[in-house]
Amino acid sequence: MKKYTFIIIALFAFFINAYLTKAQPTTKDASVKVTGEVTLPLDLKLADLQQFKQTEVTRKDRDGKDHTYSGVILSEILQKAGVTLGKDLRGENLTKFVQVTASDGYQVVFALAELDKDFTDRMIILADKVDGKPLLPADGPFRIIVQDEKKPARCIKQVSGIKVQFAK
Amino acid sequence: MKINKYNIVFIRHKGFVILVLLLLITALSAWTTIRDAIETGPYQLVYPANFGNRINVPDDNPTTKQGVYLGRLLFYEKKLSANNTLSCASCHQQDKAFTDGKALSEGVDQVLTARNSMSLANLLWTRKFFWDGRAGSLEDQAITPMINPHEMGQSLDVSVKKLSNTATYPALFKLVYGNETITGDRICKAISQFERTLISCNSRYDQYLKNAYLPTRQELNGMNLFMNGPNPEKGIRGANCAHCHGGPKTYNELFHNNGLDSIPKDVGIESLTGLAADRGRFKVPTLRNIALTSPYMHDGRFKTLEEVVDHYSDHLKESEALSTFLRGESNDIGGKTLHLRPDEKKDIIAFLNMLTDSTFINDPRFSDPNKTIALKKSKSNSK
């Protein structure tokens, strides 16, 4: 009797343990969460990006060659989320910045004014394609492309979050 | 010898008198040690400027001297475990830079933990805790080992009861929180305050960064290999370690798949996000005191730094989630692996040994308080 209780308990512990440590993840689709100083938080999947106007930016990658990236101008996504751009980008709103996070934890920031059409013609896009093809898994599915910036360090790959914040 | 009346009284009651005297002395010394030892007020967290000020202290748990004092006692408190045998310090031992030297650690139920115990240093700058970063603060982190049946295995309610029934803790909680109520939340907060003080900033590498230490040729060569990516076309040799482990703290809060397995048994942060790109991704841990924290990796699979460097040089396992920082990095033109020379591997290990901070592992502020109080007493007795 004792032996059976032990076996039952051992089996139970084994399954609980297996369940806790190895809960087989169901593979999900990547998305970009837009949060912070927004009126409408967004969680954008690849298909959602197609709802926006598509823009192309050409820049060199680490291989030294020109590539054409396509995607959506970042400020248009932020506008959809209700971020203070255009005529509202004045006063204390000029102390806002945009923190972009990648799935490996890497982070970069842009001043909000760096993204606004009234301040600059330089385009910063959230790209999902390179030379007409989806980004490689190691780069995508979403990547920020900064037109003409000399270093590629802010062309952050595997973007998972965009957060608008006030500088303190 | 003349025997007078008083002497007789004394001799008769000698045992009793001595007992009373002893009691008085212990009471007095206990009272004075508590009074002497516990300073109050804000705790100054001192660290070098090059560590930066992106520190992580929640608004509702400022670091105070009395909080750190209590937190240290709790960190070493075995009453927080189901059978009074384990404390945090059982798996996080100071002389091993707060690890335990085991691949996996045994909990109160003799079952092994799922992952390797992590070194605790410079947590003040950490924002995501555990190998998969699943805890967002030290306060949240501390609950897990306490209630996990394979670690300390005791509910917070039971811990609260046990501490409430002691002579010392209620008064200490009053000193820290204003009243004697002990709660799970207060226990976690005090432990976190203590953990934030575990600052390691006096390794030979720190001294080198302050121009106070001249590295040997071997250390310098290892440092260069560690910091640089290889570029065989230009004749630059490198190991590219700093891409993930760089900076003055040798910690950047990144999560990567460093090629341990093609099909990982433990999928790492994929189990939290469900994303294939996160398969086998784990926290890039600090390399501070790395020579003291063997065995290595989330499952403790490597016993020596030699094995670790061999892994990066020659044995990376291909998979879709393998970090791009480790792909196509080679010291041979068109090569697939780093392919370091045996002398270069030794140089890198010499640099890793520069990260050992003996001040940190011997700092009396971080040691077992039960032992230091005993030590203090024996010291003052011998005076």
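The values are calculated or read from the model by the stated rules, or taken from the named source; none is laboratory data. What you are looking at is a predicted structure, and each value in this text was computed from that prediction instead of being measured. Every residue, glycine as well, gets a Cβ built from its backbone with ideal geometry; the counts of neighbours run over all protein chains shown. What goes into the accessible areas is simple: the full protein's heavy atoms, side chains included, and nothing from ligands, DNA or RNA. Shrake-Rupley method; radii C 1.70, N 1.55, O 1.52, S 1.80 Å.
Taking 0.36 nm per residue of sequence separation and subtracting the Cα-Cα distance, how much length would be gained by fully extending the chain between B:ARG301 and B:ILE263, in nm to one decimal? Walk me through the numbers before you get to the answer.
Details: separation 38, 0.36 × 38 = 13.68 nm, distance 1.53 nm.
Stretched out fully, the B:ARG301 to B:ILE263 stretch lengthens by 12.1 nm.
Oblate is the label for segment B:204-358, because a/c, from the alpha-carbon gyration tensor with a ≥ b ≥ c as root eigenvalues, is 1.5 or above and a/b does not exceed b/c.
The simple Förster model, with R0 at 45 Å and r as the Cβ-Cβ distance, assigns A:ASP43 and B:ASN228 a FRET efficiency of 0.70. In percent, rounded to a whole number, the relative contact order of segment B:204-358 is 29, using alpha-carbon pairs under 8 Å and six or more apart.
Build a GNM of chain B with springs between Cα atoms under 10 Å apart, and of B:LYS161, B:LYS96, B:LYS345 the one that fluctuates most is B:LYS161.
Taking amide H as placed 1.01 Å from N in the peptide plane, B:GLU151 has its amide H under 5 Å from the amide H of B:VAL108, each at least 5 places away in sequence or on another chain.
Among B:ARG341, B:ARG327, B:ARG186, the largest mean-square fluctuation in a Gaussian network model of chain B, built with springs joining Cα atoms closer than 10 Å, belongs to B:ARG341. In order along segment B:272-284, the phi-based Karplus estimate (6.51 cos²θ - 1.76 cosθ + 1.60, θ = phi - 60°) of 3J(HN,Hα) comes to 9, 9, x, 9, 4, 5, 9, 5, x, 8, 10, 4, 7 Hz; Gly and Pro are listed as x.
Within chain B, what is the longest stretch that has no GluC sites (Glu not before Pro) placed in a DSSP loop and near at most 16 other beta-carbon atoms within 10 Å? Walk me through the numbers on the way to the answer.
Details: sites that count: B:GLU39, B:GLU180, B:GLU318, B:GLU320.
For GluC sites (Glu not before Pro) (loop position, at most 16 other Cβ atoms within 10 Å), the longest site-free span of chain B is B:40-179.
Residues whose amide H lies under 5 Å from that of B:GLN93, counting only those 5 or more places away or on a different chain, are B:PHE98, B:THR99, B:ASP100; hydrogens are built 1.01 Å from N in the peptide plane. Solvent exposure of B:MET118, expressed as accessible area, is near 40 Å², computed with a probe of 1.4 Å over the protein chains only. Using heavy atoms of the protein chains and a probe of 1.4 Å, the accessible area assigned to A:LYS133 is about 130 Å².
By DSSP, what percent of the beta bridges with both residues in chain B are antiparallel, rounded to the nearest 5?
Working: 8 of 9 bridges.
Expressed as a percentage, antiparallel bridges in chain B total about 90.
In the protein assembly as shown, the DSSP-assigned H stretches of four residues or longer account for a calculated mean residue ellipticity at 222 nm of -10000 deg cm²/dmol, using -39500 (n - 2.57) per stretch and the full residue count as denominator. For chain B, return all DSSP H helices satisfying: extent of Cα atoms along own axis at least 30 Å; mean Kyte-Doolittle hydropathy at least -1.0. Once both thresholds are applied, what remains is B:14-37.
In this view, the solvent-accessible surface of B:CYS188, computed with a 1.4 Å probe and all protein chains in place, comes to about 0 Å². Compute the label zone of B:ALA49 within segment B:201-216: residues whose backbone N is under 14 Å from the point 7 Å along Cα-to-Cβ. B:210-211, by backbone N distance to the label point. Applying a DSSP loop filter and a limit of 14 other Cβ atoms within 10 Å to the trypsin sites (Lys or Arg not before Pro) in segment B:241-279 leaves B:LYS265. Put the Cα centre of segment B:71-107 next to the Cα centre of segment A:127-150 and the gap is 46 Å. A dipole drawn for the protein assembly as shown from +1 and -1 charges on Cβ atoms has a positive end, and of B:ILE38, B:TYR208, B:GLY334 the residue lying farthest that way is B:ILE38.
Indicate the gyration tensor shape class of the protein assembly as shown (rounded, prolate or oblate), computed on the Cα atoms with a ≥ b ≥ c the square roots of the eigenvalues: a/c under 1.5 is rounded; otherwise a/b larger than b/c is prolate and the rest oblate. Prolate. Between segment A:58-95 and segment B:225-250, the C-alpha centres lie 32 angstrom from each other.
Computed FRET efficiency, Cβ-Cβ of B:ARG341 and A:VAL109, R0 35 Å: what is it to the nearest 0.05? Could you put the intermediate results ahead of the total?
Working: r = 40 Å, r/R0 = 1.15.
Taking R0 as 35 Å, the efficiency between B:ARG341 and A:VAL109 is 0.30.
Return the tail of the calculated pair distribution for segment B:29-174, meaning the percent of Cα-Cα pairs more than 28 Å apart. Write out the running numbers ahead of the final one.
Working: 2552 of 10585 pairs.
I get 24 percent for the Cα pairs in segment B:29-174 exceeding 28 Å.
Taking the Cα centre of the protein assembly as shown as origin and assigning +1 to Lys and Arg Cβ atoms and -1 to Asp and Glu Cβ atoms, the resulting dipole is close to 2340 debye.
What percent do you get for the relative contact order of segment A:27-166 when only Cα pairs under 8 Å and 6+ apart count? Averaging sequence separation for qualifying contacts and normalising by length gives 30 percent for segment A:27-166. Sequence-distant contacts, meaning Cα pairs under 8 Å at least 6 residues apart, place the relative contact order of chain B at 17 percent.
Given the pairs B:LYS303/B:LYS346; B:LYS96/B:LYS162; A:LYS157/B:LYS128; A:LYS150/B:LYS128, which are separated by over 22 angstrom at their Cα positions?
Values: B:LYS303/B:LYS346 16 Å; B:LYS96/B:LYS162 29 Å; A:LYS157/B:LYS128 20 Å; A:LYS150/B:LYS128 32 Å.
Those over the limit are B:LYS96/B:LYS162; A:LYS150/B:LYS128.
What net charge is computed for the residues neighbouring B:GLU344, neighbours being all others with C-beta under 15 Å from the C-beta of B:GLU344, Lys and Arg scored +1, Asp and Glu -1? Before the final figure, lay out each step's value.
On the way: positive: B:ARG217, B:ARG237, B:ARG341, B:LYS345, B:LYS346; negative: B:GLU219, B:GLU306, B:ASP310, B:ASP314, B:GLU329, B:ASP332, B:ASP343, B:ASP347.
So the surrounding residues net to -3.
Placing a label point 7 Å from the Cα of B:VAL111 along the Cα-to-Cβ direction, the residues of segment B:64-100 whose backbone N falls under 15 Å from that point are B:82. Peptide B:252-261 has a mean shielding of 2, counted as Cβ atoms of other protein chains within 10 Å of each residue's Cβ.
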